[in-house]
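Below is one structure, written out as C-alpha cells; the observations come after it.
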Amino acid sequence: MSRASNFPPPFSTAEFVAEPSDPPDERIEVGVLIVGAGPAGLACAIRLGQLLGEHPDVAERLGDVPVAVLEKGKQPGSHLLSGAVVDPRGLRRLFGNSLRMEDLPSYGEVPGESVYVLTRRSSLPIPPPPPMRNHGNWIFSLSQLGRFLGERAEEGGALLLPETAAQKLLVSHGRVVGVRTGDKGRSREGGELGNFEAGSDLVAKVTVLAEGTQGHLTGVALDRFALRGDDPQVWELGVKEVWKVAKPLDRVIHTMGWPLRSGKRYREFGGSFIYPMGEDMVTIGLVVGLDYRDASLSVHDLLQELKTHPKIRRILAGGERVEWGAKTIPSGGFRALPERLHAPGLLLCGDGVGMVNIPRLKGVHYAIESGRLAAEAAFRSLQRGHTPATALSSYDDAVRDSFIWQDLYEVRNMRQVFGHGFFVGGALASAMTISKGRAEIGKMSAEPDADQPLLVTDRDAGYPTPDGTLTFDKLSSVFASGNKTRDDQPNHIRIERRVPPEVAKLWVRMCPAQVYEIGREADDGTVMVELAPSNCVQCGAITAKGGRLTPPEGGSGPEYTST
Ligand SMILES: Cc1cc2nc3c(=O)[nH]c(=O)nc-3n(C[C@H](O)[C@H](O)[C@H](O)COP(=O)(O)OP(=O)(O)OC[C@H]3O[C@@H](n4cnc5c(N)ncnc54)[C@H](O)[C@@H]3O)c2cc1C
Ligand code: SF4
C-alpha cells in the first residue's frame, strides 16, 4: 500500500539556514524580532512594549527599532483563521487592568451550548462532554482580533512589517541572529520582474518564532538545533465558512459523527463547530485529523455535505456565505512538544510548537500566554547583569510552570487514542478528561500523518454537487478567501511530482483550494502532479501529508477579514 511519506519532497533544512549576507551597514538591526503577527507574536510584542515602557534604559540600548514583527499577510489578521471561542485567561493576563474583555472586539460571551451526534438525517443531542463546555469563554473572529492586537502592539512601539515573509533563519557561530526575508517581484521561472525587490537581513538580539501551524522557520529551527520531541507532530485540517444568516443563533454547537465514518480502518477523527457571531452571522467549520487514510476524502467537500443536514440547513436557511478559509491545527499535544522551546538567540511559541488543546479545540489562549512569557524571557536577556543564555532558557521553565503545560499534560494522550477508532478512542478520552489526566492509560505514540497507508474508496462520489447557494466548489471557496496571489509567482510548494495515482489523488482531494491536478500517466503507472500554486491559501495540510509548504512572496495568499 502506498504512503505519501515514501515520496518525500525536494527540500532540505540547510537551504533555509544562512549566515547574514548583506553588507553590515545594510542590515536592518532590531532588538527583538518576532516572526508572525498572530496571537502569539502580537502578545509578545505587546508585553515587550509594556516592559520597555517601564524600563526606558533598556529600550534606548536597543536602537531605533527595539521590537519588530514580520507578517507575510497583507496586514495582521489577513492569514488568521480560527473558531474562535477563546478562553479569556491569556488575554486577561496580557492586558491586566488596562483592558477589560468588554473592550475587545468580540461577539460576547458564549450564550449557551449544544452537542449533537449526527447521522445522515437525524441528530441526537447529548450533554456536552467536559472538553466541549464553553461557559465563560468568549466568541471572536481571530482575524479581527489580530488587527486589534496589531494596533495595540504598534501603540506600544513595535514596528509592524506586513507583506514580509521570513524565508531563512540567520545563524552565525551556532546562534540565531535574525532572519532573511523573501524576495518580491520574481517571475514563475525565478527571473526578476520590473518591480523586483531583493529580501533583506534583519539581525536581532533575540528572534521569536511565532509562525503558527506548520511554521516554516520553526520546522527549520527544530531540525537545525535538534529540538524535536519524542512523538511526531500530527495535524488536523479545519475548513470554515462565515455566513450572514436570517435568524440569530443562540448558542455554540458542536457535532460529532456524520459525515465522518466511525470504522477504524478509515481513521476519521474530528467534528464540526457552529458559532454565533452577533445577531446576523454564524461561522461553521469542520475539523478532520490528517491521519485519515482514504485518498478520496476532502474536508472541503465534507463541509459542503455537512451543510445539507436538515439541522444545519435550517440554521443557514435564507443566508449567504460571506467568507471561506482553511488552516491546519497541530494536534499531537503534550507528547509532540519539542524537547526545548529555545535555542541560542531563539524562542519558539504558540501553534508553531503545537500548543493546542485538541479535545477543547483551543490554542489562542496558549499562543497569547506563550508570547507573553517569551517577551519576559527576551526582555530579561536584554537587561544588564543577565546572561542571555540563562535568561532565554528561563522561558522553558516559565512555560512548564504555566497553565499551558498543566492543561496539555492533562490531555496528553488525547489525540493518540483516536488511532484506536472513534468508540474506543472516545471512551479513553472521556476517562482522561474526567480524571483530569490522572487516568494512566500508558504512553501512546502517534504516527506521522504521511505514514498512514492509503486506501481509495468511492467516498468522493457522494459529495454534493455545488449549487452556489448552500454548497460550493473549491474555486469559488478560494475566491471567498479573498486570495489575490499573482498567477506568475514562483511556486512555493515542494512535492515529488511523479507519484503513484493514489498519492496524487490524496493531494488533489485533500487540498481545499484546488492546487493539484492529476496529469500524464507514465508507462510505470505513476502520474505527474500538476500545480496551480496561486490558489494556495497556505493551510499547511500538504506539509502534514508528504509535501512541504514554504512561504510564498509576502503579501500573497488569502485576505481574511472575519474568519
Ligand atoms: C478551524 C480552526 C478552529 C479553531 N478553533 C479555535 C477555537 O475555537 N478556540 C481557540 O482557542 N483556538 C482555536 N483554534 C486554534 C487557534 O486558531 C490557534 O491555536 C492560534 O491561532 C495559534 O496562534 P499563533 O499565534 O501561534 O499562530 P497563528 O494564529 O497561525 O498566527 C501565525 C501568524 O504568523 C504568520 N507567519 C507564519 N509564518 C511566517 C513567516 N515565515 N513570515 C512571516 N509571517 C509568518 C502567519 O501569516 C500568521 O499571521 C482553531 C484553529 C483552526 C484552524
Ligand atoms: S497547496 Fe496550499 S491550500 Fe493546498 S493543501 Fe497545500 S498548503 Fe493547503
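The values are calculated or read from the model by the stated rules, or taken from the named source; none is laboratory data. As the structure is a prediction and not an experimental result, all values here were calculated from the model. Cβ sites come from the backbone with ideal geometry, for glycine too, and all protein chains shown count toward neighbours. Side chains included, ligands, DNA and RNA excluded: accessible areas come from the protein's heavy atoms. Shrake-Rupley method; radii C 1.70, N 1.55, O 1.52, S 1.80 Å.
Glu268 meets all of the listed conditions (1) touching a residue at least 60 places away in the same chain (Cβ under 8 Å); (2) open to solvent by 10 Å² or more (accessible area, probe 1.4 Å); (3) assigned to a strand (DSSP E or B) but one, namely (3). For the range 186-201, residues that are outside any loop (DSSP other than H, G, I, E, B) and either in contact with a Ser or Thr (Cβ under 7 Å, 6 or more places away or on another chain) or free of Cβ contacts under 8 Å to residues at least 24 places away in the same chain (or both) total 7.
Scanning the range 346-354 turns up no residue that is of a type outside the set (A, V, I, L, M) and surrounded by fewer than 24 Cβ atoms within 10 Å (Cβ to Cβ).
When the range 368-385 is limited to residues that are open to solvent by 10 Å² or more (accessible area, probe 1.4 Å) and within 16 Å of ligand 1 (Cβ to nearest atom), the one that is nearest to Val67 (Cα to Cα) turns out to be Arg372.
Can Ile329 be described as among the β-branched types (Val, Ile, Thr) and within 12 Å of ligand 1 (Cβ to nearest atom)? Judged against the criteria, Ile329 is a match. Of the residues Gly319, Gly332, the single one that is more than 16 Å from ligand 2 (Cβ to nearest atom), open to solvent by 10 Å² or more (accessible area, probe 1.4 Å) and among the small types (Gly, Ala, Ser) is Gly319. Looking at Ser296, is it in contact (Cβ under 8 Å) with a residue 40 or more places away in the chain, within 19 Å of Cys539 (Cα to Cα) and surrounded by fewer than 23 Cβ atoms within 10 Å (Cβ to Cβ)? When the stated conditions are applied, Ser296 passes them.
Scan the range 202-222 and give yes if some residue there is more than 16 Å from ligand 1 (Cβ to nearest atom) and either more than 23 Å from Gly352 (Cα to Cα) or under 18 Å from the mean Cα position of the chain (by Cα) (or both), otherwise no. The answer is no, given that none of the residues of the range 202-222 is more than 16 Å from ligand 1 (Cβ to nearest atom) and either more than 23 Å from Gly352 (Cα to Cα) or under 18 Å from the mean Cα position of the chain (by Cα) (or both).
Per the listing Glu553, Glu530, Glu559, Glu521, the residue uniquely touching a strand residue (DSSP E or B) at 6+ places or on another chain (Cβ under 6 Å), among the acidic types (Asp, Glu) and within 15 Å of ligand 1 (Cβ to nearest atom) is Glu553. With the requirement that a residue be farther than 20 Å from Arg251 by Cα and not aliphatic (A, V, I, L, M), what does the range 85-104 give you? Within the range 85-104, Arg89, Gly90, Arg92, Arg93, Phe95, Gly96, Asn97, Ser98, Arg100, Asp103 qualify.
When Val30 is tested against (1) of a type outside the set (S, T, N, Q); (2) more than 21 Å from Leu227 (Cα to Cα); (3) assigned to a helix (DSSP H, G or I), just one condition goes unmet, and that condition is (3).
Checked against (1) part of a helix (DSSP H, G or I); (2) over 28 Å from Thr283 (Cα atoms); (3) at pLDDT below 95, Leu51 passes all but a single condition, namely (3).
When Val206 is tested against (1) modelled with pLDDT of 95 or more; (2) assigned to a loop (DSSP other than H, G, I, E, B); (3) surrounded by 22 or more Cβ atoms within 10 Å (Cβ to Cβ), only condition (2) is not met. Cβ-Cβ contacts under 9 Å between residues 6 or more apart (or on different chains), taken from a first residue in the range 368-387 that is assigned to a loop (DSSP other than H, G, I, E, B) to a second residue that is open to solvent by less than 20 Å² (accessible area, probe 1.4 Å), are listed as Gln383/Val58; Gln383/Ala391; Arg384/Val58; Thr387/Ser381.
Residue check: Arg335 meets all listed conditions (1) among the charged types (D, E, K, R); (2) part of a helix (DSSP H, G or I); (3) at pLDDT 95 or above but one, namely (3). For beta carbons closer than 7 Å, sequence separation of 6+ or different chains, a first residue in the range 82-97 that is in contact (Cβ under 8 Å) with a residue 24 or more places away in the chain and a second that is of a type in the set (Lys, Arg), the qualifying pairs are Asp87/Lys362; Arg93/Arg372; Leu94/Arg47; Leu94/Arg372.
Yes/no matrix, rows are residues, columns are (1) over 18 Å from Gly554 (Cβ atoms); (2) more than 16 Å from ligand 2 (Cβ to nearest atom); (3) not β-branched (Val, Ile, Thr):
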site: Arg152; (1), (2), (3): yes, yes, yes
site: Leu161; (1), (2), (3): no, yes, yes
site: Arg175; (1), (2), (3): yes, yes, yes
site: Thr181; (1), (2), (3): no, yes, no
site: Gly191; (1), (2), (3): yes, yes, yes
site: Glu197; (1), (2), (3): no, yes, yes
site: Thr207; (1), (2), (3): no, yes, no
site: Val220; (1), (2), (3): no, yes, no
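Of the residues Val86, Val69, Val117, Val110, the single one that is under 30 Å from Leu382 (Cα atoms) and either open to solvent by 20 Å² or more (accessible area, probe 1.4 Å) or within 14 Å of ligand 1 (Cβ to nearest atom) (or both) is Val69.
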